[in-house]
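Take a look at the structure set out below.
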Amino acid sequence: MNKQEFQWIREPKRYSADDKKIEITTEPHTDLWQRTYYHFCNDNAPVLQMETDEKFFSFIVKTDFSGSNHRFDQCGIVMYLDSENWLKASVEFENDEFQHLGSVVTNHGYSDWATTEIPAGIKSMWYRFSRRQDDYCIECSRDGEKFSQMRICHMWEGAGKIRFGIYACSPEDSGFTAIFTDMEMTECAWKAHDGQQPDDGK
């Protein structure tokens, strides 16, 4: 991947980037969330993305969050179209016993949050983000070889040109350095469905 094609949305105060590694040091009270349950809108996390109109591809990245130490510290993949249409996947620190591996999909200003608890000792995670037209698949992996599906979703505003990449944030009064490596864009690893055929030829 040509990292020169990536651009910041809300450039962080402290970061470094070269051909092999990107480091982002988060600022306190930064987050991405819209409305649901909490009834607040947070839209100030730093996001580093590239733009594409390619309809079928996968994006892979390894995240290292060994510095996270406060509730909700997080880093991962993101597709940020605008403040009310985006998705993200990450591991969020919770406490010394467990953390949340999860994803958020935000369509037309309302976020969801799908999570599962994983041990607190896990300090790195690979993600694979795949696009098939306006549908998307998010997967995760401990070793970068075997990926497990986290979710499939539809993005109402995700049919045309999109932007995708990485993010990191600390929603509460904390900060840490997130490390991103092994970024690559590949042919779509999310294969076409081979079971029931689409209705009415769609």
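Using r as the Cβ-Cβ distance of Gln196 and Lys55, and R0 as 30 Å, what FRET efficiency do you calculate, to the nearest 0.05?
Details: r = 22 Å, r/R0 = 0.73.
Once rounded, the FRET efficiency stands at 0.85.
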Using a 1.4 Å probe, what is the accessible area per residue for the chain, in Å²? 51 Å²
At a probe radius of 1.4 Å, what is the per-residue accessible area of Arg132, in Å² to the nearest 10? 60 Å²
Quick one: Cα centre-to-centre distance for the range 28-86 and the range 131-147, in angstrom? 16 Å
At a 1.4 Å probe radius, which order do Phe129, Phe56 fall into by accessible area, largest first? Phe56, Phe129
Please list Asp73, Asp135 in order of solvent-accessible area, largest first, computed with a 1.4 Å probe with all protein chains present. Asp135, Asp73
Once P(r) over Cα pairs in 10 Å bins from 0, in percent is worked out from the coordinates, which option in (1) 9, 30, 20, 12, 15, 11, 3, 0; (2) 8, 30, 31, 23, 7, 1; (3) 9, 38, 39, 13, 2, 0 does it equal? (3)
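Out of all Cα-Cα pairs in the range 37-140, roughly what percent, to the nearest whole number, are more than 19 Å apart?
Numbers: 2447 of 5356 pairs.
Cα-Cα pairs of the range 37-140 separated by over 19 Å account for 46 percent.
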Solution diffusion estimate, µm²/s, Stokes-Einstein, the range 101-184, Kirkwood Rh from C-alpha pairs, 10 °C, viscosity 1.306 mPa s: 107 µm²/s
Highest-MSF residue in the chain out of Asp31, Asp18, Asp64 [GNM, Cα springs under 10 Å]: Asp18
Pick from Met125, Met79, Met185: which is most flexible by mean-square fluctuation in a GNM of the chain where alpha carbon atoms under 10 Å apart are linked? Met185
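Using only C-alpha positions, report the orientation-averaged shadow area of the convex hull of the range 60-103, nm², one decimal. Could you put the intermediate results ahead of the total?
Details: hull surface 14.4 nm².
Mean projected area for the range 60-103: 3.6 nm², to one decimal.
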Quick one: among Asn95, Asn44, Asn85, which has the greatest mean-square fluctuation in a GNM of the chain with alpha-carbon springs under 10 angstrom? Asn95
What's the carbon and sulfur percent of the range 1-140's accessible surface, probe 1.4 angstrom, rounded to a whole number? 44 percent
Order the following by accessible area, largest value first: His39, His193. Probe radius 1.4 Å; ligands, DNA and RNA are ignored. His39, His193
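Kindly flag which residue pairs out of Lys146/Lys191; Lys3/Lys161; Lys20/Lys62; Lys3/Lys123; Lys3/Lys146; Lys62/Lys161 have an alpha-carbon separation exceeding 22 Å in this structure.
Numbers: Lys146/Lys191 15 Å; Lys3/Lys161 18 Å; Lys20/Lys62 11 Å; Lys3/Lys123 24 Å; Lys3/Lys146 25 Å; Lys62/Lys161 24 Å.
In this structure, Lys3/Lys123; Lys3/Lys146; Lys62/Lys161 lie more than 22 Å apart at Cα.
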His29: net charge of surrounding residues, Cβ under 10 Å, Lys/Arg +1, Asp/Glu -1, itself excluded? -4
Percent relative contact order of the chain, based on C-alpha pairs within less than 8 angstrom and at least six residues apart? 30 percent
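The values are calculated or read from the model by the stated rules, or taken from the named source; none is laboratory data. Being a predicted model, the structure only gives us computed values, none of them experimental. Every residue, glycine as well, gets a Cβ built from its backbone with ideal geometry; the counts of neighbours run over all protein chains shown. Accessible surface areas use protein heavy atoms only, side chains included; no ligands, DNA or RNA. Shrake-Rupley method; radii C 1.70, N 1.55, O 1.52, S 1.80 Å.
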